[in-house]
Amino acid sequence: MTVLDETDSPGSSDTPGLTGDEPTDARGRVAELHAIRELALRGPSEKATEAQHAKGKLTSRERIELLLDAGSFQEVEQLRRHRATGFGLETKKPYTDGVVTGWGTVEGRTVFVYAHDFRIFGGALGEAHATKIHKIMDMAIAAGAPLVSLNDGAGARIQEGVSALAGYGGIFQRNTRASGVIPQISVMLGPCAGGAAYSPALTDFVFMVRETSQMFITGPDVVKAVTGEEITQNGLGGADVHAETSGVAHFAYDDEETCIAEVRYLLSLLPQNNRETPPQVTSEDPADRRSDVLLDLVPADGNRPYDMTKVIEELVDDGDYLEVHERWARNIICALARLDGQVVGIVANQPQSLAGVLDIEASEKAARFVQMCDAFNIPIVTLLDVPGFLPGVDQEHGGIIRHGAKLLYAYCNATVPRISLILRKAYGGAYIVMDSQSIGADLTYAWPTNEIAVMGAEGAANVIFRRQIAGAADPEAMRSRMVKEYKSELMHPYYAAERGLVDDVIDPVQTREILVRSLAMLRNKHADLPSRKHGNPPQ
């Protein structure tokens, strides 16, 4: 929260036409308008702009210029000023009231935006400031277009008291109403503390910039006072913390230019709203391209790790994809990519991290991604190589049951086209949860290296043949024989296909072509959910 900015914001006396020399004709009035607009566009002072740049930060208008197509921005309520009094506010009434709002285009498609201006009252939210944001959010919902917030504010404007807090309530309510209706993207470009942090948490994607952006509910001073712990702002709520540890941030970048460029890229992969599909492009990558490299990329030995991102690169158009939450819960991959020009969401186990098991964080990460894809009509391709759920006291006490159920619920509730591909291991409950045919996958394929079973052969043999192994003259030889027998009877590559649990066992080199054909067939899929107000998903 902030009391007053340290810059020289223009007051009411700076307004042309308010000094008693009002123009008397239309040309004079137009000249007056242009003078006022110039004042609003210029901002509070050159000193304030220099201070912003000295922190490695751009101004609100510079950020908007990077985000939107050149010349497309149409500002709304540029001349809005607060009407608060007391604590010196009546002498400080800058235009915009510290937030720039409006709409423009990104690659020709409409996008609404609001950007805090830290040079004015530290970007703090007051009544007029909040009303402007409410209006642009309402416009975005009504128009059915994405909303991007460029956040750089010091919280609620203390001088305006509870009116400022109520302004946040209006933002939260609209974030919730827009959820699953239009894409909402929060770009953190400065501090975001206290209740203000809940708005980004309600949106679909959160971007952060290292060193200059932070998010926390209680700052370092409060933490020290209450717990005695000493920590910096970045250590408590910086970009790397939220991208790697908390999972609050989906993306983190070193500078604002790169960050905003990636926001534009993400928008190119999303539809305008939940009634549309993502934009399709013409791909120069052949739909029937063979992927012979896959035969060597994925080892047949289920105990050998490999990098699943290499598989994704080989399958998608031009090897290009955008990974979401890349540095959090690395044992599962969530990415947006294109197959023959059509946007798809990819969920894949990562054998290089924890052998690709599902744990609490991986379940939460994938569940939210599946829900996002389903909300915005993005087909889901699931690549399985999962040995099960991570065992352990911490996982059980941490609620792996309810967290794993979130992923199960998300898949079961999704009505978009869903295709799953089993590369190697698919064991136990994790196999069921990862979009198996039994929970509604439209098509399920497997490679000849697949192993679908309740558990691994070694564990299964120890349970099923426990007495035979214990009573054998050579227990190890008996165990080895029983493992081999179990594999040949219940874990051969065609066991699931013979029982209709897999639609086909395919040649890995044809995977891309088969996925493209399957997605084309499912493009007009229609599925209805039962009539209800909403479900009650596990929390």
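Has segment 278-294 got at least one residue that is farther than 17 Å from residue 510 by Cβ, part of a loop (DSSP other than H, G, I, E, B), touching a residue at least 24 places away in the same chain (Cβ under 8 Å) and among the aliphatic types (A, V, I, L, M)?
yes
Out of all the residues in segment 215-231, is one or more open to solvent by 10 Å² or more (accessible area, probe 1.4 Å), farther than 28 Å from residue 157 by Cα and among the hydroxyl-bearing types (Ser, Thr, Tyr)?
No, the conditions are met nowhere in segment 215-231.
Being closer than 28 Å to residue 336 by Cβ and crowded, with 21+ Cβ neighbours inside 10 Å is the requirement here; does residue 181 meet it?
No; evaluated as a whole, the condition is false for this residue.
Counting only residues that are hydrophobic (A, V, I, L, M, F, W, C) and open to solvent by 10 Å² or more (accessible area, probe 1.4 Å), which one in segment 129-144 is nearest to residue 178 (Cα to Cα)?
141
Which residues, taken from segment 163-178, are surrounded by fewer than 19 Cβ atoms within 10 Å (Cβ to Cβ) and either assigned to a strand (DSSP E or B) or touching a residue at least 24 places away in the same chain (Cβ under 8 Å) (or both)?
Of everything in segment 163-178, those that are surrounded by fewer than 19 Cβ atoms within 10 Å (Cβ to Cβ) and either assigned to a strand (DSSP E or B) or touching a residue at least 24 places away in the same chain (Cβ under 8 Å) (or both) turn out to be 163, 165, 166, 170, 172, 176, 177.
Mind listing whichever residues of segment 361-390 are over 18 Å from the mean Cα position of the chain (by Cα) and either open to solvent by 10 Å² or more (accessible area, probe 1.4 Å) or at positive phi (or both)?
387, 388, 389, 390
Taking segment 1-30 on its own, how many of its residues are open to solvent by less than 60 Å² (accessible area, probe 1.4 Å) and either at pLDDT 85 or above or assigned to a loop (DSSP other than H, G, I, E, B) (or both)?
Counting residues in segment 1-30 that are open to solvent by less than 60 Å² (accessible area, probe 1.4 Å) and either at pLDDT 85 or above or assigned to a loop (DSSP other than H, G, I, E, B) (or both) gives 11.
The rows are residues; the columns are (1) among the polar types (S, T, N, Q); (2) open to solvent by 100 Å² or more (accessible area, probe 1.4 Å).
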{"residue": "476", "(1), (2)": "no, yes"}
{"residue": "481", "(1), (2)": "no, yes"}
{"residue": "503", "(1), (2)": "no, no"}
{"residue": "511", "(1), (2)": "yes, no"}
{"residue": "514", "(1), (2)": "no, no"}
{"residue": "519", "(1), (2)": "no, no"}
{"residue": "523", "(1), (2)": "no, yes"}
{"residue": "528", "(1), (2)": "no, yes"}
{"residue": "539", "(1), (2)": "yes, yes"}
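For the structure I just gave you, tell me whether residue 463 is open to solvent by less than 20 Å² (accessible area, probe 1.4 Å) and not in a loop (DSSP other than H, G, I, E, B). Let's see the steps before the verdict.
Working: open to solvent by less than 20 Å² (accessible area, probe 1.4 Å): no; not in a loop (DSSP other than H, G, I, E, B): yes.
Here the answer is no, as residue 463 does not meet what is asked.
Collect the residues in segment 391-441 that are open to solvent by 50 Å² or more (accessible area, probe 1.4 Å) and either touching an Asp or Glu at 6+ places or on another chain (Cβ under 7 Å) or not in a helix (DSSP H, G or I) (or both), keeping them in residue-number order. Steps first, please.
Of segment 391-441, the ones open to solvent by 50 Å² or more (accessible area, probe 1.4 Å) are 391, 393-394, 396-397, 401-402, 408-409, 412, 432, 437-438.
Residue satisfying the conditions is 391 alone.
Can you name every residue in segment 184-193 that is open to solvent by less than 20 Å² (accessible area, probe 1.4 Å) and not hydroxyl-bearing (Ser, Thr, Tyr)?
Those that are open to solvent by less than 20 Å² (accessible area, probe 1.4 Å) and not hydroxyl-bearing (Ser, Thr, Tyr): 184, 185, 187, 188, 189, 190, 192.
Looking at 86, 56, 71, which one is more than 26 Å from the chain's Cα centre (by Cα) and either part of a helix (DSSP H, G or I) or modelled with pLDDT of 90 or more (or both)? Talk me through it step by step, then tell me what you get.
Working: 86 fails: either part of a helix (DSSP H, G or I) or modelled with pLDDT of 90 or more (or both); 56 fails: more than 26 Å from the chain's Cα centre (by Cα).
Matching residue, one of 86, 56, 71: 71.
Among the residues of segment 337-360, which ones are farther than 20 Å from residue 321 by Cα and in a strand (DSSP E or B)?
The one that is farther than 20 Å from residue 321 by Cα and in a strand (DSSP E or B): 358.
How many residues does segment 326-360 hold that are at positive phi and without any contact (Cβ under 8 Å) to a residue 40 or more places away in the chain?
So the answer is 1.
Which of the residues spanning segment 487-501 are open to solvent by 90 Å² or more (accessible area, probe 1.4 Å) and among the charged types (D, E, K, R)?
489, 498, 499
What are the pairs with Cβ atoms under 9 angstrom where one residue, in segment 211-234, is free of Cβ contacts under 8 Å to residues at least 40 places away in the same chain and within 19 Å of residue 54 (Cβ to Cβ) and the other, located anywhere, is open to solvent by 70 Å² or more (accessible area, probe 1.4 Å) and in a helix (DSSP H, G or I)? Sequence gap at least six, or different chains.
Between residues of segment 211-234 that are free of Cβ contacts under 8 Å to residues at least 40 places away in the same chain and within 19 Å of residue 54 (Cβ to Cβ) and residues that are open to solvent by 70 Å² or more (accessible area, probe 1.4 Å) and in a helix (DSSP H, G or I), the close pairs are 214/233.
I'm told residue 301 meets every condition in (1) at pLDDT below 95; (2) part of a helix (DSSP H, G or I) except one. Can you identify the failing condition by its number?
All conditions are met except number (2).
Confirm whether residue 393 is on the phi < 0 side of the Ramachandran plot, of a type in the set (A, V, I, L, M, F, W, C) and free of Cβ contacts under 8 Å to residues at least 24 places away in the same chain. Let's see the steps before the verdict.
Values: on the phi < 0 side of the Ramachandran plot: yes; of a type in the set (A, V, I, L, M, F, W, C): yes; free of Cβ contacts under 8 Å to residues at least 24 places away in the same chain: yes.
Taking the combined requirement at face value, the residue satisfies it.
Pull out all pairs, ordered by first then second residue, where Cβ-Cβ is under 9 Å, the residues are six or more apart or on different chains, the first lies in segment 452-473 and is within 17 Å of residue 300 (Cα to Cα) and of a type outside the set (A, V, I, L, M, F, W, C), and the second is outside any helix (DSSP H, G or I) and modelled with pLDDT of 80 or more.
Every condition considered, the pairs that remain are 456/302; 456/387; 456/388; 456/425; 456/427.
Is it the case that residue 96 is closer than 25 Å to residue 69 by Cβ, in a helix (DSSP H, G or I) and either in contact with a helix residue (DSSP H, G or I) (Cβ under 8 Å, 6 or more places away or on another chain) or open to solvent by 10 Å² or more (accessible area, probe 1.4 Å) (or both)?
Yes, satisfied.
One residue is enough: does segment 348-367 have a residue meeting the conditions among the polar types (S, T, N, Q) and over 29 Å from residue 300 (Cβ atoms)? Outline the logic, then answer.
Step one: list which residues in segment 348-367 are among the polar types (S, T, N, Q), which gives 349-350, 352-353, 363.
Now restrict to residues that are over 29 Å from residue 300 (Cβ atoms): none.
Taking every residue of segment 348-367 in turn, none turns out to be among the polar types (S, T, N, Q) and over 29 Å from residue 300 (Cβ atoms).
Can you pull out every residue in segment 232-261 that is part of a helix (DSSP H, G or I) and loosely packed, with under 15 Cβ neighbours inside 10 Å?
Within segment 232-261, the subset part of a helix (DSSP H, G or I) is 233-237, 239-246, 256-261.
Across segment 232-261, the qualifying residues are 235, 245, 246, 257, 258, 261.
The rows are residues; the columns are (1) small (Gly, Ala, Ser); (2) touching a Cys at 6+ places or on another chain (Cβ under 8 Å); (3) open to solvent by 10 Å² or more (accessible area, probe 1.4 Å).
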| residue | (1), (2), (3) |
| --- | --- |
| 279 | no, no, yes |
| 293 | no, no, yes |
| 301 | no, no, yes |
| 312 | no, no, no |
| 325 | no, yes, yes |
| 334 | no, no, no |
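When you go through (1) touching a Lys or Arg at 6+ places or on another chain (Cβ under 8 Å); (2) of a type outside the set (Lys, Arg); (3) more than 30 Å from residue 397 (Cα to Cα) one by one for residue 294, which number turns out not to apply?
(1)
Looking at this structure, is residue 266 surrounded by 14 or more Cβ atoms within 10 Å (Cβ to Cβ), assigned to a helix (DSSP H, G or I) and at pLDDT 95 or above?
yes
The values are calculated or read from the model by the stated rules, or taken from the named source; none is laboratory data. Computed from a prediction, not measured in an experiment: that's the story for all the values here. Here the Cβ is made from the backbone with ideal geometry for all residues, glycine too, and neighbour counts use every protein chain on show. All accessible areas refer to the heavy atoms of the entire protein, side chains included, with ligands and DNA or RNA removed. Shrake-Rupley method; radii C 1.70, N 1.55, O 1.52, S 1.80 Å.
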